[in-house]
Amino acid sequence: MYCINPNCPDPHRSSEENQCLACGTPLLFRGYRAVALIEKTQHSEIFEVVVENNDGGTIRRIMKVIQAETSDRKRIELFEREYAVLSWLNHPNIPRVDLDDFFRVSVPNSHEMLCLVMQKMEGETLEQWITQNGPISEKMALEWLRQLVAPEIEQDPESFPGVLAYLHQNHIVHRDLKPSNLILQPSGKLALIDFGGVYELTNPYQAEIAADRRSVTVITSPGYSAPEQINAQALFASDFYALGRTWVRLLTAQLPIDLIDPQTNQLHWHRRAPQISRPFARWLDTLMSPTPDRRPPTTIAIYETLTYQLPQRIRVSRILNSWAFKVTATGVSVAIVIGVGIIFNSWRSDEALRRGLQNLQAEQYQTARRELEVAVRLNDRSSDAHSNLGLACYYLSDDPCAIKQYRRAIELMPDNWQAHYNLGALYDRQGKIPLAIEYYTKATNGSNDLKALAINNIARLKNRQRQYAEAEALVRSVLDLTQTNSTLASLYKNLGWALFGLKQYTEAQVALEKALPLDPTRIDTYCLLAFVKQARNFDAEAERSTCKFSVSRLALPEVKEWQRQLDKQKG
């Protein structure tokens, strides 16, 4: 047994009792016993613990411990956030945490300890693997990368997306990707651990940068963290930078920080990885671009490059550098020119896609459309480019263009659930409710957040059809799937609408008042709250005025109808 008291004079002192013989600290807490100290840092300790199962055997788990009183408030908040995130994530390659796995333990002559118990992921870290086995091959590097960013497989209901794709789908930035936090399991799957630095982004394109950056806790690992993350501006692309640096470590067996030229601050690693092709090395360099907008925009974009474009570039590169090509160069020149042309077009397509995404983010939809049209013309097999072109057309109210592009995106990648959702939203706007529900339903195969959004929109359409009981049941079925404020606000709004339709006015007001602070910009919540308060004979003038006089470029049809109804009322 091992004592968890940091001030214990002899924590290794074995005891079969429930109390440490050296300091009197309890050795059994919530059924757990610490059996080994795995890691000790300045602020925390990580133990291996055992707990008895129902069959009388034992289960080995991991327990992370910090001192409550001596840790600063931000560190405690990070610890609590790690527990909160792990308790609702559901992925076989992420440690599982149950709701009662976060607790406090009092120890003699020391401060109270905060404890977080989680599933032990079997296997060895990639840091351990590289130390024992040396650099990985190009084939292994590509396979592991694809595994991390792979989307779900539509035909396999048991499938999960790659662990990094799953995190980003759920708006989570890990912020501490490195070899020691990736575990190669006996199954061959990579698990991701150490969620102490996780950060939630509610905007799919950019971080919510605090006005006072001191409110954002900076999480960094020397040699792996992106420049913007060091400046408290972590993005999804920050994980891609760390991913690239991690693969440099795996391909060279050298620490990235040791490969940086102190004079130029440039990373010189290509010669340390002679086993990989030039196209792969150059693509990894794009993952590690100093500026985020030069990196791939999404995990889907990375997956498509790894699956379609990069293998082709690697094959052509091998031909160009082969002895056979040098001997018979004249005979194959036409084929090589065609191949190189394809690669050049693919690179130009990626650049156009990146510019298109930037313009979408800036709401420059016409410019975004032009860039994305270039992207699909140069690479017609990019599902991501077609889907985003559809989004640009949607915002420009060019529905035929949007439908064509969404359908092409789905044809290329049937499990592009975001494209299914976007197509449902387009049919929703057109008032084609059966088609909207069809595509929203398909989108429920996506991430938890996307499923919550899709079910929420189906519930909204059920409310419009006055099927209030069905709408209520739909909303309640997904309330626990998301932590995103804007999605929760919409869910509670639609729940309030359903309860209002069922004449459960008190419950409706409770739901709507939950929605308001989550997203105070929603006009429809104010409109519904006005109707509910009027039904209860309460003063609703503030909500009525907000609903009547608010203007939205993308106002839902029911909002326009509610505004007309309130406008007819006296006052």
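The values are calculated or read from the model by the stated rules, or taken from the named source; none is laboratory data. What you see is a predicted model; the values in this text were computed from it and never measured. Counting neighbours? That spans all protein chains shown, and the Cβs are built from the backbone with ideal geometry, glycine included.
For region 274-308, a tally of residues being crowded, with 21+ Cβ neighbours inside 10 Å and more than 15 Å from Leu243 (Cβ to Cβ) returns 2. When you scan region 475-497, do you find a residue that is among the basic types (Lys, Arg) and assigned to a loop (DSSP other than H, G, I, E, B), even just one? For region 475-497, residues among the basic types (Lys, Arg) and assigned to a loop (DSSP other than H, G, I, E, B): absent. Of the numbered criteria (1) in contact with a Ser or Thr (Cβ under 9 Å, 6 or more places away or on another chain); (2) at pLDDT 85 or above, the one Ser383 fails is (1).
Test Glu513 against the criterion of being over 32 Å from the mean Cα position of the chain (by Cα), of a type outside the set (Lys, Arg) and in a helix (DSSP H, G or I), and give yes or no. Spelling it out, it is not the case that Glu513 is over 32 Å from the mean Cα position of the chain (by Cα), of a type outside the set (Lys, Arg) and in a helix (DSSP H, G or I). When we screen Asp258, Asp239, Asp293, Asp285 for residues that are in the same structural domain as Ala141 (by the TED database), farther than 27 Å from Ile172 by Cβ and not hydrophobic (A, V, I, L, M, F, W, C), the only hit is Asp258. In the set Pro227, Pro204, Pro222, only one residue is surrounded by fewer than 20 Cβ atoms within 10 Å (Cβ to Cβ), over 21 Å from Ile62 (Cα atoms), modelled with pLDDT under 80 and not β-branched (Val, Ile, Thr); that residue is Pro204. The residue list Ala489, Ala540, Ala498, Ala469 contains one member that is without any contact (Cβ under 8 Å) to a residue 24 or more places away in the chain and not assigned by the TED database to the domain that holds Leu86, which is Ala540. Of the listed requirements (1) surrounded by fewer than 22 Cβ atoms within 10 Å (Cβ to Cβ); (2) in a helix (DSSP H, G or I); (3) at pLDDT 95 or above, Leu145 misses just one: (1). The residues of region 359-404 that are surrounded by 23 or more Cβ atoms within 10 Å (Cβ to Cβ), without any contact (Cβ under 8 Å) to a residue 60 or more places away in the chain and of a type in the set (S, T, N, Q), listed by number, are Ser387, Asn388.
Given the condition under 27 Å from Ile300 (Cβ atoms), part of a helix (DSSP H, G or I), modelled with pLDDT of 95 or more and of a type in the set (Ser, Thr, Tyr), answer yes or no: does some residue in region 441-452 qualify? Yes, region 441-452 has at least one match. Per the conditions (1) assigned by the TED database to the domain that holds Arg245; (2) among the aliphatic types (A, V, I, L, M); (3) more than 30 Å from Gln312 (Cβ to Cβ), the sole criterion not satisfied by Ile136 is (3). Scoring Gln119 on the criteria (1) modelled with pLDDT under 95; (2) under 30 Å from Ala253 (Cβ atoms) leaves a single failure, condition (1). Checked against the criterion of being basic (Lys, Arg), crowded, with 24+ Cβ neighbours inside 10 Å and in a helix (DSSP H, G or I), the candidates Arg271, Arg245 yield just one match: Arg245. Taking the conditions (1) under 25 Å from Ile302 (Cβ atoms); (2) modelled with pLDDT under 95 in turn, Pro95 satisfies each one other than (2). Scanning region 60-78 for residues that are under 15 Å from Ile4 (Cβ atoms) and either modelled with pLDDT of 85 or more or assigned by the TED database to the domain that holds Glu200 (or both) turns up Arg61, Ile62, Met63, Lys64, Val65, Ile66. With the structure loaded, tell me whether Gly424 is out of contact with any His (no Cβ under 8 Å at 6 or more places or on another chain), surrounded by 19 or more Cβ atoms within 10 Å (Cβ to Cβ) and not assigned by the TED database to the domain that holds Thr305 or whether it fails that test. When the stated conditions are applied, Gly424 passes them. Leu481 falls short on exactly one of the conditions (1) out of contact with any Phe, Trp or Tyr (no Cβ under 6 Å at 6 or more places or on another chain); (2) in the same structural domain as Glu561 (by the TED database); (3) more than 18 Å from Gln169 (Cα to Cα), and that condition is (3). For the condition within 34 Å of the chain's Cα centre (by Cα) and over 30 Å from Leu167 (Cβ atoms), Tyr492 does not qualify. Assessment of region 150-157 against the conditions (hydrophobic (A, V, I, L, M, F, W, C), buried (at least 21 other Cβ atoms within 10 Å of the Cβ) and not in a helix (DSSP H, G or I)) yields at least one matching residue.
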